[in-house]
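Shown next, in structure tokens, is the structure this report addresses.
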Amino acid sequence: MPSPYVVAIDPGHGGSPTSDPTQLWDPGVVVGAVMEKEITLDLAFRLRTLLRRERVKVVLTRSTDEYVEISERWNRVHASGARMFVSLHVNAYDGDSSINGAAVLYPKPDSLPFAQAIDAGLAQALNRFQIQDDGVVTKPELWVHSDIPTATVEPAYLTNPRERSLLLQNDFRDAIVMGIFQGMLAADPQIEQTRIQIAHAEAAAAAQRQAEAASAADAARTATATRWGLIIGGIMVLWVVMRTAIRRAVRTPQPPPYRRRTYRRRRSNGKL
Ligand SMILES: [Zn+2]
């Protein structure tokens with residue numbers, strides 16, 4: 001079976017206050033009751049669903065409300081063998097709620113084509129929501145150790161009222177992850193090729209299993225026939241033995257001993 005294509009997704013921020021005051025936590029941008037860390041985790045799950053349908057193996061840097069250091073997040077990405085990496089966030093601009101739009105950040109020039117592909121997918125998917133495409137922006141301080149195509153996605157502003165209300169809607173969240181997903185497919189044709197290879201290998205394995213099941217059924221039929229042959233043969237032998245035994249046990253009455261009869265020729269004076 002071909003090994004799956006691996007994608008790493010980082011749901012930005014995470015963690016809640018606990019009884020331990022030394023435990024760090026990070027909700028990200030908070031506007032009213034809306035927290036960035038919850039939106040990013042939900043987006044990660046939705047994106048994972050799309051990728052899994054494409055037979056991609058998805059590794060998340062966190063899958064719960066957990067505080068994870070950036071260095072630890074990168075360790076998890078690196079250990080996964082991922083071939084591309086997307087970090088999910090939502091944007092904020094303090095002091096000006098009119099600031100809006102979608103942007104994709106990338107750490108180094110070698111991630112630029114990947115960031116552009118993600119941005120193009122996102123721009124297309126969010127077009128019907130009138131989200132302005134702010135394009136790609138270099139951000140060298142983010143993911144400094146990255147050695148695979150890496151992009152940080154900021155699909156909308158939580159500080160912008162219109163975009164905030166969109167961010168609370170399912171269809172907008174689905175559009176965000178669809179845009180990222182389309183960008184990933186465009187960035188590396190290997191995702192699609194690996195899916196086809198896996199599908200072919202699975203079909204071949206299924207055919208093999210079917211053939212094995214059919215030959216096992218044949219063998220079972222033969223075994224059943226043999227068993228019936230033995231049973232019937234056994235019954236016949238038993239019948240012969242029983243019949244012989246019964247015949248011996250039940251003595252048939254012997255005819256009375258032969259009695260010699262003497263016939264006396266009657267004289268009849270010469271006349272018969
Ligand atoms: Zn963030």
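Values in this text are rule-based calculations from the coordinates and carry no lab data. None of the values given here were measured: they were computed from a predicted structure. Don't worry about glycine lacking a Cβ; one is built from the backbone with ideal geometry, like all the others, and counts go over all protein chains shown.
Would you order R209, R83 from fewest to most other beta-carbon atoms within 10 Å of each residue's own beta-carbon?
Lowest to highest Cβ neighbour count: R209, R83.
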Applied in sequence order to region 178-194, the curve 6.51 cos²θ - 1.76 cosθ + 1.60 (Karplus, θ = phi - 60°) yields integer Hz couplings, x standing for Gly and Pro, of 5, x, 5, 4, 4, x, 5, 4, 5, 6, 9, x, 4, 4, 5, 5, 5
Ranking W143, M178, T40 by how far each Cα lies towards the positive end of the charge dipole of the chain (+1 on Lys and Arg Cβ, -1 on Asp and Glu Cβ), the top one is M178
Here FRET efficiency (C-beta to C-beta, R248 to A225, R₀ 35 Å, nearest 0.05) is 0.50
Quick P(r) readout (region 6-188; Cα-Cα; 10 Å bins; whole %) gives 10, 40, 38, 11, 1
Amide H neighbours of N91 at under 5 Å, excluding residues fewer than 5 places away on the same chain, with H built from the backbone geometry, are A156, Y157, L158
Note on region 112-205: contact order normalised by length, alpha-carbon pairs under 8 Å, 6 or more apart, percent, works out to 44
What the 10 Å binned alpha carbon P(r) of region 1-110 shows, as percent of pairs per bin from 0, is 13, 39, 33, 13, 2, 0
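Quick check on the exposure proxy: order R173, R53 from fewest to most C-beta atoms within 10 angstrom.
Ordered by Cβ neighbours within 10 Å, fewest first: R53, R173.
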Number of Lys pairs in the chain closer than 29 Å at Cα, excluding neighbours under 8 places apart unless interchain, is 6
Packing-ranked peptide list from 214-224, 140-150, 3-13, highest mean Cβ count within 10 angstrom first, is 3-13, 140-150, 214-224
